[in-house]
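Written out below as structure tokens is the structure these notes cover.
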Amino acid sequence: MMTIELFVTAGVLDAERKHLLAERILHTLTTEDGAPDAVLDKARELTHVLVREPDVWATGGPAAPRYLVRLTVPGSWSNNPHFAGHVVPAITEAIAATEPDPERLTREPHCVVQIVGLREHGLATLGRSLTSTEITKLMTDDYRKSGEIREAPEGFAIDPVCGMTVELATASLTLTHEGVHYAFCAPVCRKLFAEEHAIPA
């Protein structure tokens, strides 16, 4: 569950370009080669991108289109350094691709991305607050109920919670259950698996 608020200098984007940019950011953040379609579809359903033009925006430096992106996610996501390492370049590249000079946003500090992590129970849907594991369960239930069996390439494993492909050589999140060794793409997937199988974490 993500909310992306993109603040842009007034008059830079017309309504059509705002819509296209919002769609580009949505699909950039919810597309992953190693993930099942069911998980990505649910991620898109739970992700919201808002494009805004502030009435007043004061900042120094040369006059140029400026962007401020506020990404609000569960705290467990924001505390994972791999998450920021993935989303900051992805968002910056998605915005830069709409500019006449796509390299500008990596030369000049004119696109600021803020990742805001919400405390546990700080996100809610279905009329109630959710923990990070409940959010992960919501996002992966359709995949897990589908019965889809994914085959891992040599040297990789399939995360049993979300279906992501995980490289075994670099996997730092693992568990063994009933003699089977599992690898996970994120701490929350490992936590959910442990909770569902009553494995001490």
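Kindly indicate whether any position in region 139-155 is under 17 Å from the mean Cα position of the chain (by Cα) and either in contact (Cβ under 8 Å) with a residue 40 or more places away in the chain or under 22 Å from Arg44 (Cβ atoms) (or both).
yes
Exactly one of these conditions fails for Leu29: (1) crowded, with 17+ Cβ neighbours inside 10 Å; (2) farther than 20 Å from Thr92 by Cα. Give me its number.
It fails just one condition, (2).
Can you work out which of the residues in region 147-201 that are of a type outside the set (Val, Ile, Thr) and touching a Cys at 6+ places or on another chain (Cβ under 7 Å) is modelled with the lowest pLDDT?
Only one residue tops the list, namely Cys185.
Considering each residue of region 55-83, count those that are in contact with a Leu (Cβ under 9 Å, 6 or more places away or on another chain), closer than 30 Å to Met139 by Cβ and without any contact (Cβ under 8 Å) to a residue 60 or more places away in the chain, and give that number.
Of the residues in that region, 2 qualify.
Examine region 141-164 for a residue that is in a helix (DSSP H, G or I) and surrounded by 21 or more Cβ atoms within 10 Å (Cβ to Cβ), and state whether such a residue exists.
As a first pass, look at region 141-164 and keep what is in a helix (DSSP H, G or I): 141-146.
This time we only want the ones that are surrounded by 21 or more Cβ atoms within 10 Å (Cβ to Cβ), so: 143.
Checked region 141-164: at least one residue is in a helix (DSSP H, G or I) and surrounded by 21 or more Cβ atoms within 10 Å (Cβ to Cβ).
Would you mind finding the one in Leu6, Leu105, Leu13, Leu21 that is outside the structural domain of Cys189 (by TED's automatic domain parsing), touching a strand residue (DSSP E or B) at 6+ places or on another chain (Cβ under 8 Å), buried (at least 17 other Cβ atoms within 10 Å of the Cβ) and part of a loop (DSSP other than H, G, I, E, B)? Before the answer, list the steps.
Values: Leu6 fails: part of a loop (DSSP other than H, G, I, E, B); Leu105 fails: part of a loop (DSSP other than H, G, I, E, B); Leu21 fails: part of a loop (DSSP other than H, G, I, E, B).
The unique qualifying residue is Leu13.
So the check is Cβ under 7 Å with 6+ separation or different chains; which pairs have a first residue in region 17-34 that's touching a residue at least 12 places away in the same chain (Cβ under 8 Å) and a second one that's part of a loop (DSSP other than H, G, I, E, B) and of a type in the set (D, E, K, R)?
none
The values are calculated or read from the model by the stated rules, or taken from the named source; none is laboratory data. All of these numbers come straight from a predicted model, not from anything done at the bench. Backbone-built Cβ (ideal geometry, glycine too); neighbour counts: all protein chains shown.
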